[in-house]
Amino acid sequence: MRCYHSGGPLQNGDIEEFNGQLCIVCPWHKYKITLLEGECLYQAVDPAAKVPNPTWISKGKKQRIHTVKEINGDVFVTLNDSPTFVESDYYQTEKFRATLRKPKK
C-alpha cells in the first residue's frame, strides 16, 4: 500500500508501461515500481557520452508484491509471506505506525 521510498499512497498511483514493464507510479515522487517483481526503475544516462542515451535500470527489489487474480469478476489476492525483508516492509511495522499516532506540533 505504501511506496518503499517515503511511504507514498500507491493506491493513488497510476499504472503505466516503462521499458515494456507495467509499473505503478508513486503519486508523491514518481518512483516507478514494476508490478511483477517490485523493482524500482529509473533512467540512467552515461555522463561521458557525447549524445545522452537514457537507459532503464533497476535499483533492485524494493517493494513487496502480492499475486492478484481476477476470475469471473471476482478478485483473489495471495499475500507474499516470504521472510525476506524488502524496503517497503518498514511501512507495515509498529515503529512506523507509532509515527502516525504522534501528535502534530
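The values are calculated or read from the model by the stated rules, or taken from the named source; none is laboratory data. Since the structure is predicted, the reported quantities are computational estimates derived from the model, not experimental observations. When we count neighbours, we look across all protein chains shown, and the Cβ atoms used for this are built from the backbone with ideal geometry, even at glycine. To get the accessible areas, we keep the full protein, side chains included, count just its heavy atoms, and leave off ligands, DNA and RNA. Shrake-Rupley method; radii C 1.70, N 1.55, O 1.52, S 1.80 Å.
Taking every alpha-carbon pair under 8 Å whose residues sit at least 6 apart, the chain reaches a relative contact order of 19 percent. Taking all protein chains in place and a 1.4 Å probe, what share, in percent, of the accessible surface of the chain do carbon and sulfur account for? The computed percentage sits at 54. All other residues whose Cβ lies under 14 angstrom from that of GLY7 are scored, Lys and Arg at +1 and Asp and Glu at -1, for a net of +3.
Taking the Cβ of GLN43 as the centre, find all other residues whose Cβ is under 13 Å away and add up their charges (Lys, Arg: +1; Asp, Glu: -1).
Computed value for this residue: +2.
LEU36 contributes about 150 Å² of solvent-accessible surface, heavy atoms of the protein only, 1.4 Å probe. Surface calculation, 1.4 Å probe, protein heavy atoms: THR55 sits at approximately 70 Å² accessible. The magnitude of the dipole of the chain, with charges of +1 and -1 set on the Cβ of Lys/Arg and Asp/Glu and taken from the Cα centre, is near 760 debye. When LYS32, LYS50, LYS59, LYS95 are compared by accessible area at a 1.4 angstrom probe, the order from most to least is LYS50, LYS95, LYS59, LYS32.
Take the Cα of GLN92, go 7 Å toward its beta carbon, and the backbone nitrogen atoms of the range 1-31 under 17 Å from that spot belong to 1-11. Solvent exposure of the chain amounts to 75 Å² per residue of accessible area, where only protein heavy atoms count and the probe is 1.4 Å.
Positive-end ranking of PHE18, PHE96, GLN43 along the dipole of the chain, with charges on Cβ about the Cα centre, is headed by PHE96. Only Cα sites of the chain enter the Debye sum here, all with the same form factor; the resulting log10 I(q)/I(0) across q = 0.17 1/Å is -0.89, listed in q order.
When the helices of the chain are scored as -39500 (n - 2.57) per DSSP H run of n ≥ 4 and the total is divided over every residue, the value at 222 nm lands at -2000 deg cm²/dmol.
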